[in-house]
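Only one structure is covered here, and it is reproduced in the block below.
Here, each number is a calculation from the coordinates, and none is a lab measurement. What you see is a predicted model, and the numbers here were worked out from it, not measured in a lab. Cβ sites come from the backbone with ideal geometry, for glycine too, and all protein chains shown count toward neighbours.
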């Protein structure tokens with residue numbers, strides 16, 4: 001796959017109390033963001049484990065965006081702080097394994113911040129385009145079937 | 001209790017170079033508590049090894065298994081039962097991985113008849129004297 005026609009696949013884990021609502025609001029406000037982001041709703045970002053991120057990379061995701069509540073604003077008190085630690089831990093594992101640690105990022109968004117969410121998604125996609133396709137992505141498209149909508 | 005520390009992935013890759021089939025075997029007791037070799041850590045390390053092997057063209061074939069309690073023969077055997085169905089090669093690997101360096105005699109087992117009885121007998125003797 002050449003870099004000119006490369007479209008990165010971004011998995012966005014969004015907390016249902018804030019960033020998922022922000023993504024919903026972005027739709028209501030008719031803000032556009034690229035279609036190569038897959039939004040996954042989670043009950044809280046504290047539910048996310050390091051295994052989830054590692055499996056997503058193994059299956060061929062180019063990048064992961066974890067969108068949690070603002071610090072101090074988590075519905076479950078400290079779920080976003082746990083997620084922040086886990087994202088940091090995953091970055092360490094990725095760099096140990098030989099993959100770029102910039103492929104995973106955590107952001108904090110409130111339910112009203114639709115525009116910052118779209119900006120963060122665009123910024124992350126630009127970063128992924130600069131990094132190039134994930135070397136773990138299979139050249140056979142049928143093996144990346146799980147990542148299709 | 002045994003205290004363990006996780007090895008770094010490059011160190012693991014160096015150790016495993018030249019091998020193709022790898023079984024990551026975790027345990028649900030001491031190493032789970034110290035966050036070094038429980039079910040979660042086995043899964044993370046297996047993923048990291050798979051990623052490293054694909055990036056470095058090492059073609060590792062990584063299997064994962066976490067047993068409930070490796071220092072208990074009864075529970076260990078139960079954990080391995082599922083693995084035994086897969087094939088003779090796996091059975092041999094599990095037997096070697098699970099039994100090496102572990103206590104597999106029943107003489108220490110607290111539920112064994114006579115083990116606690118003897119202690120109680122000695123306690124009674126001490127009290128009476």
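Counting other Cβ atoms within 10 Å as a rough exposure proxy, the listed residues B:19, A:120, A:75 run B:19, A:75, A:120 from fewest neighbours to most. Entry note, region A:2-146: relative contact order of 35 percent, from Cα contacts under 8 Å with a spacing of 6+ residues.
Counting neighbouring beta carbons within 10 Å and listing from fewest to most, the residues B:40, A:91 come out as B:40, A:91.
Which of rounded, prolate, oblate describes region A:37-149, given a ≥ b ≥ c as roots of the alpha-carbon gyration tensor eigenvalues and a/c under 1.5 marking rounded, otherwise prolate only if a/b is larger than b/c? Prolate, since a/c reaches 1.5 and a/b exceeds b/c. Highest GNM mean-square fluctuation among A:78, A:101, A:51, for chain A modelled with Cα contacts below 10 Å: A:51. Working ranking of peptides A:105-111, A:13-19, A:29-35 by packing, defined as the average number of other Cβ atoms within 10 Å per residue, highest first, is A:13-19, A:105-111, A:29-35.
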